[in-house]
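**Student:** Sharing a structure with you now.
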Amino acid sequence: MAWDRAEIEAAFQSFQDRADEAGRTGDWEPWVKCFTEDVHYIEHLYGEFHGRAQVLEWITATMSQWPFTQMQLFPWDWY
């Protein structure tokens, strides 16, 4: 299956928008829903998470602690 550049850019913009909104509100569920239900998420410092529920539990707990509570937006300087 092939996707055109516009479709990929739109999906990535949605991912960025959801991450930015989660950073502002603390509600990470819309961001986690960017991933498939059976996601295998690998985070270089925190390890591996399997499924949306594990990713949501980890990201919510992690981002609700200082200093992450001060991180309202993510830098999207390059990709």
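**Student:** On a 0 to 90° scale, report how tilted helix 52-63 is relative to the longest principal axis of the chain, with both axes built from alpha carbons and the result rounded to the nearest 10.
**Tutor:** Compared with the principal axis, the helix lies near 50 degrees.
**Student:** What accessible area per residue comes out for the chain, rounded to a whole number of Å², with a 1.4 Å probe? All intermediate terms of the calculation are to be shown ahead of the outcome.
**Tutor:** Working: 6030 Å² over 79 residues.
Value returned for the chain: 76 Å² of accessible area per residue.
**Student:** With each label point set 7 Å from Cα along the Cα-Cβ vector, what nm distance links GLU21 and ASP4?
**Tutor:** About 2.6 nm, to one decimal.
**Student:** Quick one: compute the contact order of the chain, relative version, from alpha carbon pairs under 8 angstrom and 6+ residues apart, as a percent. Can you show the working numbers first?
**Tutor:** Numbers: 60 pairs, mean separation 22.6, N = 79.
Rounded, it is 29 percent for the chain.
**Student:** If R0 is 30 Å, what FRET efficiency do you get for GLN70 and VAL39 from their C-beta distance, rounded to 0.05?
**Tutor:** Efficiency, from the Cβ-Cβ distance: 0.65.
**Student:** While we're looking at this one, here's another question. When Rg is the radius of gyration of the Cα atoms in the chain and Rh is its Kirkwood radius, what does Rg/Rh come to?
**Tutor:** Over the Cα atoms of the chain, Rg/Rh equals 0.98.
**Student:** Oh, and also: Helix 5-25 versus the longest principal axis of the chain: what is the Cα-based angle in degrees, 0 to 90, to the nearest 10?
**Tutor:** Tilt relative to the chain: about 20 degrees.
The values are calculated or read from the model by the stated rules, or taken from the named source; none is laboratory data. All values reported here derive from a predicted model rather than from experimental measurement. Reconstructed Cβ throughout: ideal geometry from the backbone, glycine too, with neighbour counts over all protein chains shown. Side chains included, ligands, DNA and RNA excluded: accessible areas come from the protein's heavy atoms. Shrake-Rupley method; radii C 1.70, N 1.55, O 1.52, S 1.80 Å.
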